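Notes follow once the structure below has been shown.
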Amino acid sequence: MTYSPRPARQGHPVFWRLWTAHTTSAFGTAVTTVAMPLVAVLELDAGPFEASLVAAAAMCAWLLFGLPAGVLVHRLPLRPVLVAADLVRAAALGSVPVAVFLDALTLAHLVLAAFVLSVASVIFDVGYSTYLPAVVSKDRLTASNSLLQGSESVSQVAGPALGGSLVHALGAAYSLIADVVSYVVSAALLLTVPSPRHEAPEKAKRNMAAEIREGIEFVRRHPVIRPLVLAGTAFNFATAAFEALTAVFLIRTVQTNSLTVGFLIASMGLGGVIGAAVTTPLVNRLGTTRVAIVTLIVSPVCALMMPLTSSGLGLALFTLGNLGWGACTVTFAIIGRTYRQTAVTPDLLPRVMATVRFVSWGVFPIGALLAGVLGETVGNRAALLIFGLCTLLIPVPVLCSPLRKTRDLLQVDLTPSERV
């Protein structure tokens, strides 16, 4: 399918409706980021490994359905797919507080709900990334992605703090209702967005495996996208481990309460707000490649601060480390996403996006499960330190590629086949 709405300025009403839907959903998701692991810890008395199962289920759909998602988004009408994904997410998440109310929640139920939520999110995220370049002109993509990422980061500041407050006041499970409402609101807003014209190209007649393979090969041979994906994968692997360990580490090891956990996790969102705010001016001044390399070098320093956290004033180390990590990841993500949306043709973009996220987001369950195993084996603090040391490898793919010699990613010479 080819999506061909007329490109619009950043101030176009269609963009702002998409932005509002995205922001509303992001606020709810930020609440769930805090509440879901706390449901496992507080409602089910889960240990590090059980909590990591929930975290892994929340991301494993990228490994199972990430590649087919690109083909499905390529073939199906986009707006109905996005709306359906939002409603499925609302239903899956809403089942958790219902089960708690009926005193019937089990670890299996929580894992299944997280998995269904993950599958629907895969479809939604690939589709949403495909829609944006259709409504925003290429020269505005960096600013638009920064705005979207900035609003998501703002939600990650307010959302976890709100989540911690809701957990403290209502209990972990009932606080998830905020995210259920956000998905319903997002679906309603998306219904007001004009649907792109649905064209079934000749390629739609090919089998799914051939289309998936085309997306994989494009990413594999591309001299810019490939190293960016490898570095992004390393970012996400570490992030998954940190997220799986954070709630248990702060509550069990550092002896903080759920309200404090919410505010501490929110520091990553605050860092994301800073990253989103400075990305466009930094890119205009220094170039995309240089800014990307700075984030790759600074991020390990931030990661290694978090295992040093202690109670009292020692919480400042976690706050600073988490804030810096959030700023680096957001800035790097904006640069990589904008390049893909600019350099890849609309016909291939859904499959490229799906391939990139299959690889880079597919490591989330692996990182989460490994974090759970290490947390049980060597302790939460030691596990955080091990993953912090692993982040020293994040800059390697880019520093060992031709990208380091350029000021801007678009300056890298591509062969005709790499431009397709």
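What follows is calculated from the coordinates using simple rules that are stated; it is not laboratory data. Bear in mind the structure is a predicted one, so any value in this text is a computation, not a measurement. Cβ: placed from backbone, ideal geometry, glycine included. Neighbour counts: every protein chain shown.
Data overview
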| read-out | value |
| --- | --- |
| Shape parameters for region 267-420, alpha-carbon atoms, Rg then Dmax in Å | 17.5, 58 |
| Neighbour net charge for Val184 - beta-carbon separation under 12 angstrom, K R +1, D E -1 | -1 |
| Alpha carbon convex hull of region 245-336, volume per residue in cubic angstrom | 84 Å³ |
| Inter-label distance, nm, simple model (7 Å from Cα along the C-beta direction), Leu399/His109 | 4.9 nm |
| Estimated 222 nm signal from helices in the chain, with DSSP H stretches of n ≥ 4 weighted -39500 (n - 2.57), rounded to 500 | -25000 deg cm²/dmol |
| Footprinting exposure proxy for Trp16, Trp62 (fewest neighbouring C-beta atoms within 10 Å first) | Trp16, Trp62 |
| Å³ per residue enclosed by the Cα convex hull of region 359-403 | 69 Å³ |
| At R0 = 22 Å, FRET efficiency that the Cβ-Cβ distance of Asn257 and Leu317 yields, to 0.05 | 0.75 |
| Rg in Å to one decimal, and Dmax rounded to a whole Å, for region 333-410 via C-alpha atoms | 16.7, 48 |
| Overall form of region 212-290 per C-alpha gyration tensor (a/c, 1.5; a/b vs b/c) | oblate |
| Hydrodynamic radius (Kirkwood) for region 1-128, which is based on Cα pairs only, to one decimal in Å | 16.1 Å |
| Globularity index of region 208-253, i.e. its alpha-carbon radius of gyration over 2.2 N^0.38 Å | 1.77 |
| Burial ordering of Lys405, Lys138, fewest other beta-carbon atoms within 10 Å first | Lys405, Lys138 |
| Percent RCO, i.e. relative contact order, over region 15-133, from Cα pairs under 8 Å lying at least 6 residues apart | 35 percent |
| Cα convex hull volume per residue for region 254-294 (Å³) | 62 Å³ |
| Shape call, region 93-182: gyration tensor on alpha carbons, a/c limit 1.5 | oblate |
| Virtual spin-label span in nm between Asp408 and Leu191, 7 Å along Cα→Cβ | 4.3 nm |
| Computed over the chain: relative contact order in percent, which uses C-alpha pairs under 8 Å that are six or more apart | 29 percent |
| Among (1) 124; (2) 198; (3) 141, the entry derived from the coordinates for volume of the Cα convex hull per residue in Å³ | (1) |
